[in-house]
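Notes to accompany the following structure.
The values are calculated or read from the model by the stated rules, or taken from the named source; none is laboratory data. Predicted model, so just to flag it, every value in this text is computed and none were measured. Note that we place each Cβ from the backbone using ideal geometry, even for glycine, and neighbour counts take in every protein chain shown.
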Amino acid sequence: IYQQASREPMHPGCARLLAAGARAASRTTSRRGASHRSNPLCIPSSPKRSLSSAAVAPDEGETSTTAATGQRSPVTTFTNDEIMVRDLCRQWADQELRPVVRDMDEEGSMRQDVINGLFECGLMGMEIPEEYGGSGMNFTSACLAVEEISRVDPSVAILVDIHNTLTNNAVRFWGSEDLRERWLPRLAADTVSSFALSEAGSGSDAFSMRTMAEESADGSYFTINGSKLWISNAKEAGVFLLFANADPSKGYKGITAFMVDAKTQGITVGKPEKKLGLRASSTCPVTFDDVKVDASDVLGQVGMGYKYCINILNEGRIGIGAQQVGIAKGCMDVAMPYMMERRQFGTPIADFQGMQHQYAQMATDIHAAETVLYNACRLKEAGLPFVKEASMVKLYCSQVAERAASRSIEWLGGIGFTRDLLVEKFYRDCKVGSIYEGTSNMQLQTIAKLMQKEYK
């Protein structure tokens, strides 16, 4: 299928992803029997999903430009490599993840075989270069992976998002060669990462952190003391991307980033929070008590952590937007088939005009969210400014996800209010979209400031 559609050779990273997906599909076939043997790699087994304008682009470049005419393609037109990544994630989520979603939500923990599957399929090293064992794909591919997994379980998607868009990229962008060689292969193969920034007294005001990193007299190591709060992936993490102040006299300009092995003596991961949603995703307090960190574990330069944090969170916000779009589409995946089958007064409820107007409006909102999301991805990949657009993505996509989840429950009626269907879980999961990685008010503030600069 790929060779027939493509005019260019398959990206090597995509080939590896597909090979890993084939192995996973083979195991699924052996477990579930002949009923799954007619489902070749990357052909989704779930019901038809039409809430995407994505089509295959005629070229395999990193931009959305047609080879024949040089015209710009729509931002939601993806390359063949991107389509293959999307379909791999769709198949893996449908076949491997969907059967355990409800159990993980009730247990409040992530199953190790799910995490292993993410690594085996190459989804934890999406943008890590091939020479470090990664897939070498682009940012859009990473966001497509987050979106597709979110259509089934946003708890798993947030682990993938934080790992790829925050930690992996921070090491790629600012890590020394030694740090890259030590961590990128592990991050691509078997080590979950955690982004340790927030504290009890520093949420939106992140740079008022009190965690300190005291440099030794000879400059060979730092001693870290402090506590972090609301740290995602903390329970599963093998490494923390930690932010601490190495020179409080300089204020936020003393903030420094460290790659800290989770096995380092003095690190204590507390009990996971009991949350409204994203229950399978661990969110824990983490305490650092006289933790000795070698100077070579500093990410980038001492005192530059605040800049790295600002820059990488701009990318992370686009990833959160992908999660929220996935949630909205996941709601429609449940609600639309139900409305087309459920009959009242002898008519499918999807045929009533009042209902048609509601789901048509929601489809329009989701398409708009998808468009701003992948436009921001393309801006980032093109090296163009995207800070305002990233804030718009996170703000708008989280709003759309909330509306989609709420409306879907209403459309489903009584059964939507029960745990028989996953929409009630999506309703719980989406709420944090307006809170983490910058609240909606903080996004509005960023957008407003950048607008003022444009009009001066």
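A single member of 191, 211 is buried (at least 17 other Cβ atoms within 10 Å of the Cβ) and under 22 Å from the mean Cα position of the chain (by Cα), and it is 191. Got at least one residue in region 357-364 being of a type in the set (A, V, I, L, M) and closer than 19 Å to residue 146 by Cβ? Within region 357-364 (the criterion being of a type in the set (A, V, I, L, M) and closer than 19 Å to residue 146 by Cβ), the answer is no, since none of the residues qualifies. Residue 229 - would you say it is part of a loop (DSSP other than H, G, I, E, B), within 30 Å of residue 119 (Cβ to Cβ), at pLDDT 95 or above and not charged (D, E, K, R)? Against the criterion (part of a loop (DSSP other than H, G, I, E, B), within 30 Å of residue 119 (Cβ to Cβ), at pLDDT 95 or above and not charged (D, E, K, R)), residue 229 does not qualify. Among 379, 373, 278, 299, which is the only one that is in contact (Cβ under 8 Å) with a residue 40 or more places away in the chain, surrounded by 17 or more Cβ atoms within 10 Å (Cβ to Cβ), more than 28 Å from residue 101 (Cβ to Cβ) and under 23 Å from the mean Cα position of the chain (by Cα)? Result of the check over 379, 373, 278, 299: 299. Comparison of 257, 234 shows that the only residue that is within 12 Å of residue 287 (Cα to Cα) and within 26 Å of the chain's Cα centre (by Cα) is 234.
If only one of 355, 340, 336 is in contact with a strand residue (DSSP E or B) (Cβ under 8 Å, 6 or more places away or on another chain), assigned by TED's automatic domain parsing to the domain that holds residue 323 and in a helix (DSSP H, G or I), which one is it? Matching residue, one of 355, 340, 336: 340.
Taken as a whole, region 77-96 holds no residue that is on the phi > 0 side of the Ramachandran plot and either modelled with pLDDT of 95 or more or not assigned by TED's automatic domain parsing to the domain that holds residue 280 (or both). Annotation for region 298-317: no member residue is in contact with a Cys (Cβ under 7 Å, 6 or more places away or on another chain), at pLDDT 95 or above and in a strand (DSSP E or B). If you check 440, 408 for being of a type in the set (Ser, Thr, Tyr) and over 22 Å from the mean Cα position of the chain (by Cα), only one passes: 408. Restricting attention to region 169-202, which residues are in a loop (DSSP other than H, G, I, E, B) and in contact (Cβ under 8 Å) with a residue 24 or more places away in the chain? Once the filter is applied, which keeps residues that are in a loop (DSSP other than H, G, I, E, B) and in contact (Cβ under 8 Å) with a residue 24 or more places away in the chain, region 169-202 yields 175, 176, 190, 191, 192, 197, 198, 200. Condition test on residue 126, is it modelled with pLDDT of 95 or more and either part of a helix (DSSP H, G or I) or under 19 Å from residue 233 (Cα atoms) (or both)? Yes: the conditions hold for residue 126.
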